[in-house]
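Structure in structure tokens, see below.
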Amino acid sequence: MDTDAPVAPGSRVVIAGASGLIGSALARSLTADGYEVRRLVRRAPRSADEVRWDPEAQRVDAAGLEGCAALVNLAGAGVASRRWTDAYKETIRRSRVLGTRVLAEAVASLDTPPSVFVAGSAIGFYGDTGDRVVDESAPAGTGFLPSVCVEWEGAAKAASDAGVRTVFARTGLVVARGGGAWGPLFPLFKAGVGGRMGDGRQYWSFISLHDEVAALRHLMETPSLSGPFNLTAPNPRTNGEITAAMGRVLRRPTLLPVPAAALRLALGGVSSDVLGSTRAVPTRLLESGFVFTHPDIESAIRAAETD
């Protein structure tokens, strides 16, 4: 196996989570540039570009992975889409760990494995860091999200043990109107009822959807890259600063703060992700030569407005 084989237009890329916000944008970008994209689906395939899998049952059609140059796993239950009951927290964990594990084991079993396995992860790995800046050299934090991220990344071991270049994309908050944690914010701010959350001093490490896709492609297409990479813009900002930027770009008032107690009551455990502070920076991504199109929050918000 040539672990340094290039991944380039004309290659086949298989995506898990291709129907989600990031996965669908990545699939569009790759297809537009001449890649052959196959999507993993949990139902019977309806076309030649679909491959069946069942992460909960630990099954995937390995034959559908043969010949792919890259496998990208972006599948997982939405962290901000529902209240964090104990049952949903287990859904969050299992959807990430089991999906990654079955794909890594399938990759390791192939006669001709892909050149790269890009495994989704998140800056939740670091937990609440307060004002402290963290990059990929920082250890895992404590709490639910860090424990999930550690197990999530550990589930890719079979692929790396088999010699497949394995990359962990620790994604921050994606600035986009179409979904994710940021999606619900746009209509609130446009209606003039957006405001800072809690005291507004917590850092939000963001990335535009455009840069997220570009960074995933950079990780996939650069043979020398492996291990963890923070997919966040180089200038994280506090929630208060982001609130002000949303108001400026959308030309709406931002006078109604949401009290921390109300957020905890409404959101349950996910409120810790909103009120917590993770000041993550993309040291390894920048060192690898990646250039951000939207390095600051205002340009990221404007980009989302035109998507």
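Taking semi-axes √(5λ) of the Cα gyration tensor in Å as the quantity of interest, determine which of (1) 32, 20, 18; (2) 38, 33, 18; (3) 46, 27, 23 was computed from the displayed structure.
(1)
Mind checking the full-extension length gain between residue 193 and residue 131? Use 0.36 nm per residue of separation minus the Cα-Cα distance, one decimal, nm. Please list the in-between numbers first.
Details: separation 62, 0.36 × 62 = 22.32 nm, distance 2.73 nm.
Once the chain is fully extended between residue 193 and residue 131, it gains 19.6 nm.
Let me ask something else about it. In nm, what is the difference between 0.36 nm times the number of residues separating residue 248 and residue 59 and their Cα-Cα distance?
Details: separation 189, 0.36 × 189 = 68.04 nm, distance 4.84 nm.
Difference between extended and current length: 63.2 nm.
Name the residues of region 203-229 whose amide N is less than 20 Å from a point 7 angstrom out from the Cα of residue 29 along the C-beta direction?
From region 203-229, the list is 205-229.
Follow-up. What list of ³J(HN,Hα) values in whole Hz, one per residue of region 130-146 in order, does the Karplus curve 6.51 cos²θ - 1.76 cosθ + 1.60 (θ = phi - 60°) give from phi, with Gly and Pro shown as x?
Result, ordered by residue: x, 8, 6, 6, 10, 10, 5, 7, 6, x, 5, x, 10, x, 5, 4, x Hz.
Under the rule of at least 5 residues apart or a separate chain, name every residue whose amide H is placed under 5 Å from the amide H of residue 60.
Here the answer is 54, since their amide H atoms fall under 5 Å of that of residue 60.
OK, next. Suppose every Lys and Arg Cβ carries +1 and every Asp and Glu Cβ carries -1, with no other charges. What dipole size does the chain come out with about its Cα centre, to the nearest 20 debye?
Working: 33 positive and 32 negative charges, 237 e Å.
For the chain, the charge dipole is close to 1140 debye.
Testing the spin-label approximation: label points 7 Å from Cα along Cα→Cβ at residue 298 and residue 255. State their distance in nm.
Result for the modelled spin labels: 2.3 nm.
Give the ranking of 208, 226 by solvent-accessible surface, highest area first, calculated with a 1.4 Å probe. Before the final figure, lay out the partial values.
Numbers: 208 0, 226 55 Å².
Heavy-atom accessible area, descending, gives 226, 208.
Could you list which residues have their amide H under 5 Å from that of residue 39, counting only those 5 or more apart in sequence or on another chain, with H placed in the peptide plane?
15, 50, 51
With every protein chain present, what accessible area does residue 61 have (1.4 Å probe, heavy atoms only), rounded to the nearest 10 Å²?
The accessible area comes out at roughly 70 Å².
Mind listing the phi-derived Karplus ³J(HN,Hα) values for region 94-109, rounded to whole Hz, using 6.51, -1.76 and 1.60 with θ = phi - 60°, and x for any glycine or proline?
Listing the rounded values in order: 5, 5, 8, 5, 5, x, 5, 4, 5, 6, 4, 5, 5, 4, 5, 8 Hz.
Let me ask another. Quick one: Karplus J couplings for region 213-218, per residue in order, coefficients 6.51, -1.76, 1.60, θ = phi - 60°, nearest Hz, x for Gly and Pro?
5, 4, 5, 4, 5, 4
Quick query: amide H of residue 166 versus all other amide H atoms, modeled in the peptide plane; which residues come in under 5 Å with a sequence gap of 5 or more or a different chain?
117, 227
The values are calculated or read from the model by the stated rules, or taken from the named source; none is laboratory data. Fair warning: this is a prediction, and the values are worked out from it, not measured in the lab. FYI the Cβ positions are ideal-geometry reconstructions off the backbone, even for glycines, and counts take in every protein chain you see. For the accessible areas, the whole protein counts, side chains as well, though only heavy atoms, and no ligand, DNA or RNA atoms are used. Shrake-Rupley method; radii C 1.70, N 1.55, O 1.52, S 1.80 Å.
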